[in-house]
Amino acid sequence: MFESTVAAARLVRWGRGTKAEGAAMPKVVDHQQRKRELVEATWRIIARRGLSGATMRQIAAEAGFANGSLKPYFPTKAELIEATYAFVFDRTNRRVAVATRGLEGLAALEGFCREVLPLDVDRLDEARVVISFWQEAAHDLRGSELNNASMAQWRHSMVTWMGQAREAGDLDASVDIPSSGDVLLNFMLGSQISAVIDRAATSPADLERQLTAQLGHLRAGR
């Protein structure tokens, strides 16, 4: 969504020996890069101060922009929050792709879960952004549609891995795959909330034990 461009590689050179000689080269603005900078600044502020502390003025200052210069990129705060959620979701998916490379079945499912669960500071900050986005999405149709599409993508991946586990004989025969996938997903989303609100009672070690228990219910021969 925020792919880099090569705009700087094709700057137009002013001709020599003309009246343009000595004039400053026109500044080329990489709009995608600027959008990314604003999204990353929003993520940092929400992680530190929460959604209420992420005013457009503070976001502009964090990103090194002049106040009021965000509107060409994100006309409203809701659009900026949506873009930040999409950025975090993409970050998670990139980690999942690395963690599950070459894996199938329950091994891939476990790798996926570990990238979603807030098991370190970075993933805990992502959870803070996600929770802030949910607060907005609860009253915004566009936000809820974005969240639902993201969760549908995750459900599809989880059901696929569980189907592979069943074919390999690793999944208990009594497991209802769609329902069990939803239970596991709700566990992970709930863990994001618990870890943000009550870190002392939801440590990484606690989450590791809970994940082991969740996956244990799926394994054949349990």
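The values are calculated or read from the model by the stated rules, or taken from the named source; none is laboratory data. Predicted model, so just to flag it, every value in this text is computed and none were measured. What goes into the accessible areas is simple: the full protein's heavy atoms, side chains included, and nothing from ligands, DNA or RNA. Shrake-Rupley method; radii C 1.70, N 1.55, O 1.52, S 1.80 Å.
Structure summary
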| item | result |
| --- | --- |
| For the chain, the fraction of alpha-carbon pairs in successive 5 Å shells from zero, as % | 1, 6, 12, 15, 15, 13, 11, 8, 6, 4, 3, 2, 1, 1, 1, 0, 0 |
| Volume of the Cα convex hull of segment 112-159, divided per residue and given in Å³ | 64 Å³ |
| In Å², nearest 10: area of SER203 left accessible to a 1.4 Å probe | 30 Å² |
| Under-5 Å amide H pairs with ARG219, H placed in peptide plane, nonlocal only | ASP172 |
| Over segment 161-222, volume per residue of the alpha carbon convex hull, in Å³ | 79 Å³ |
| q = 0.20 Å⁻¹: log10 I(q)/I(0) that the Debye formula gives for segment 56-180, counting C-alpha atoms only | -1.15 |
| Gaussian network model of the chain, Cα within-10 Å springs - most flexible of LEU211, LEU141, LEU124 | LEU141 |
| Under Karplus coefficients 6.51, -1.76 and 1.60, residue-wise ³J(HN,Hα) of segment 181-191 in Hz, glycine/proline x | x, 5, 4, 5, 5, 5, 4, 5, 5, x, 5 |
| Which of THR55, THR100 is most accessible, then next, and so on - probe 1.4 Å | THR55, THR100 |
| Accessible area in square angstrom per residue, the chain, 1.4 angstrom probe | 56 Å² |
| Net length gained if the chain between GLU104 and ARG91 were fully extended (0.36 nm per residue, minus Cα distance) | 2.6 nm |
| List HIS139, HIS156, ordered by accessible area with a 1.4 Å probe, largest first | HIS139, HIS156 |
